[in-house]
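Below is one structure, written out as structure tokens, with a few remarks after it.
The values are calculated or read from the model by the stated rules, or taken from the named source; none is laboratory data. Quick caveat, the model's predicted, so the values are computed rather than measured. Reconstructed Cβ throughout: ideal geometry from the backbone, glycine too, with neighbour counts over all protein chains shown. Surface areas here come from the heavy atoms of the whole protein model, side chains and all, with no ligands, DNA or RNA. Shrake-Rupley method; radii C 1.70, N 1.55, O 1.52, S 1.80 Å.
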Amino acid sequence: MTTRRHRPSAMARREALLKAAVEVAAAVGASGVTHRAVTEQAGLPLTTVGYFFDSIDALTEEALRVHTEADADAQVALAETLAMARSTPDEVAAALAATAAPRTPETLALFEAYLHAARHPEFGDAAARALTAARRVAAAGVRAAGGPEPDTAAPAFTALAHGLALHELAVPGALPAESVHAAFRALFLGFLLDNGHVELALALRQQPHGDEIGTG
């Protein structure tokens, strides 16, 4: 009975640690995710991390996994909704552009995790899972727009989204929303043409926002 009574509070402490790990990584970098920094951020005793995780690295990896998978699930659900609504390719491009907008602290923590993996190969699996989750979102968006081979297109769309988000984090306001939208439209148009879907590409090009692409 006692174990059951304490289980919800224990899970709440664990969730607080995961949230705090993301916040600390965003604020000071993945290398700054320490027992003390995380527990202070979460408002918990210093020994709490050891109760739930074998190491601080295990906490960091789990925090990254939980965040990226939850975020990917939400974005894929959005893409599936767009597909069911028979959204136009331009509407899907706009939705993909919205995913490129950085979120605080999650996006900064994600980039810190990628950099940490570059310097610490043992963290590579966690970073790879995060990248796979991001590509799931891109593939779902391309699929919703009726694009061919969405899994093949996903890496390019993911790289574009990450690059735009990184630039926005570094220099807030440097990328107007219309420029981000245009970048995704241009990439989608090129992918359609390269795969022989000329009619779909022309249909997208003739929609109202086509002038943003700057081709003619």
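Taking segment 91-131 as the region of interest, how many residues are among the basic types (K, R) and closer than 18 Å to R65 by Cβ?
From segment 91-131, those among the basic types (K, R) are 103, 119, 129; that's our starting set.
Filter again for closer than 18 Å to R65 by Cβ, leaving 103, 129.
Residues in segment 91-131 being among the basic types (K, R) and closer than 18 Å to R65 by Cβ: 2 in total.
Going through (1) in contact (Cβ under 8 Å) with a residue 24 or more places away in the chain; (2) among the hydroxyl-bearing types (S, T, Y); (3) within 30 Å of F191 (Cα to Cα) one by one, T48 falls short only on (3).
Scanning segment 18-53 for residues that are open to solvent by 20 Å² or more (accessible area, probe 1.4 Å), assigned to a loop (DSSP other than H, G, I, E, B) and either farther than 19 Å from R7 by Cα or small (G, A, S) (or both) yields a count of 3.
Residues of segment 110-126 include none that is among the aliphatic types (A, V, I, L, M), more than 13 Å from the chain's Cα centre (by Cα) and closer than 14 Å to K19 by Cα. Quick check, is T81 without any contact (Cβ under 8 Å) to a residue 12 or more places away in the chain and of a type in the set (S, T, Y)? Answer is yes for this residue.
Check whether at least one residue in segment 53-66 is among the hydrophobic types (A, V, I, L, M, F, W, C), modelled with pLDDT under 85 and out of contact with any strand residue (DSSP E or B) (no Cβ under 6 Å at 6 or more places or on another chain), and report yes or no.
Taking segment 53-66 first, the residues among the hydrophobic types (A, V, I, L, M, F, W, C) are 53, 56, 58-59, 63-64, 66.
Pick out the ones that are also modelled with pLDDT under 85 and you get 64, 66.
Next, only the ones that are out of contact with any strand residue (DSSP E or B) (no Cβ under 6 Å at 6 or more places or on another chain) stay: 64, 66.
Yes; the residues of segment 53-66 include at least one that is among the hydrophobic types (A, V, I, L, M, F, W, C), modelled with pLDDT under 85 and out of contact with any strand residue (DSSP E or B) (no Cβ under 6 Å at 6 or more places or on another chain).
Taking helices (runs of 4 or more DSSP H) as the structural unit, those lying wholly within segment 94-174 and holding at least 3 residues that are open to solvent by 20 Å² or more (accessible area, probe 1.4 Å) and under 16 Å from R185 (Cβ atoms) correspond to 150-170.
Under the condition of being among the polar types (S, T, N, Q) and more than 21 Å from R135 (Cβ to Cβ), which residue from segment 54-85 is most open to solvent (accessible area, probe 1.4 Å)?
So, considering only residues that are among the polar types (S, T, N, Q) and more than 21 Å from R135 (Cβ to Cβ), the one most open to solvent (accessible area, probe 1.4 Å) is S55.
Looking across segment 79-93, just one residue is outside any helix (DSSP H, G or I) and charged (D, E, K, R), and that is R86.
Regarding R13, is this residue open to solvent by 60 Å² or more (accessible area, probe 1.4 Å), touching a Leu at 6+ places or on another chain (Cβ under 9 Å), over 23 Å from D125 (Cβ atoms) and in contact (Cβ under 8 Å) with a residue 24 or more places away in the chain? Give the derivation first.
Details: open to solvent by 60 Å² or more (accessible area, probe 1.4 Å): yes; touching a Leu at 6+ places or on another chain (Cβ under 9 Å): yes; over 23 Å from D125 (Cβ atoms): yes; in contact (Cβ under 8 Å) with a residue 24 or more places away in the chain: yes.
Taking the combined requirement at face value, the residue satisfies it.
Close Cβ contacts (under 7 Å, 6 or more residues apart or on different chains) running from residues in segment 184-209 that are of a type in the set (D, E) and at pLDDT 85 or above to residues that are open to solvent by 50 Å² or more (accessible area, probe 1.4 Å) and not in a helix (DSSP H, G or I) are absent.
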